[in-house]
């Protein structure tokens with residue numbers, strides 16, 4: 001009987017270890033995708049000089065195509081207060097003022113803006129989502145450099 005109990009405990013420890021390692025790897029893969037998408041969105045906004053407000057415009061298509069190419073998928077109903085959200089990412093235009101904001105010092109920036117970008121890490125693991133539903137979404141955020149948008 002002692003040997004049978006030891007075997008069950010060992011199998012349980014191995015299964016728990018495999019679940020933890022698999023979850024960690026899944027999180028890292030999705031974090032890397034979210035980070036790459038955030039960087040691509042920032043680069044694209046800077047390339048198009050802030051003209052990304054049109055849905056299905058050239059800027060939006062470049063971002064959407066990149067997300068599809070790397071396999072970035074998220075829940076589509078994700079939203080943040082003060083941000084314009086679509087396709088799993090959110091953008092907020094911020095006017096650059098002559099003060100300190102987010103440890104960035106702005107000087108002589110009349111009419112210039114920068115953009116805050118947030119992407120999400122979404123891992124759909126049913127067992128984890130039932131136990132801890134608040135851990136469903138993590139965020140990766142960044143900002144563009146300050147520039148004067150052409151509209």
Legend entry - Selection within segment 34-58 - modelled with pLDDT of 85 or more and in contact with a helix residue (DSSP H, G or I) (Cβ under 6 Å, 6 or more places away or on another chain): 37, 40, 41, 44, 48
Inset, instruction - For residue 38, work out the one condition from (1) within 14 Å of the chain's Cα centre (by Cα); (2) exposed (fewer than 10 other Cβ atoms within 10 Å of the Cβ) it doesn't fulfil. - result: (2)
Legend entry - Residue that is modelled with the highest pLDDT [pool: residues in segment 71-91 that are loosely packed, with under 13 Cβ neighbours inside 10 Å and within 22 Å of residue 29 (Cβ to Cβ)]: 71
Inset, instruction - Go through segment 100-137 and give me each residue that's at pLDDT 80 or above and part of a strand (DSSP E or B). - result: 113, 114, 115, 116, 117, 118, 119, 120, 121
Inset, instruction - Write out, first by first residue and then by second, each pair whose Cβ atoms fall under 8 Å of each other, whose residues are 6+ apart or on separate chains, and whose first residue, in segment 97-126, is farther than 25 Å from residue 51 by Cα while the second is assigned to a strand (DSSP E or B) and at pLDDT 75 or above. - result: 121/138; 121/139; 121/140
Legend entry - Matching residues, segment 34-75, being out of contact with any strand residue (DSSP E or B) (no Cβ under 6 Å at 6 or more places or on another chain), part of a helix (DSSP H, G or I) and in contact (Cβ under 8 Å) with a residue 40 or more places away in the chain: 39, 46
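The values are calculated or read from the model by the stated rules, or taken from the named source; none is laboratory data. All figures in this text were calculated on a predicted structure; none of them were measured in a lab. When we count neighbours, we look across all protein chains shown, and the Cβ atoms used for this are built from the backbone with ideal geometry, even at glycine.
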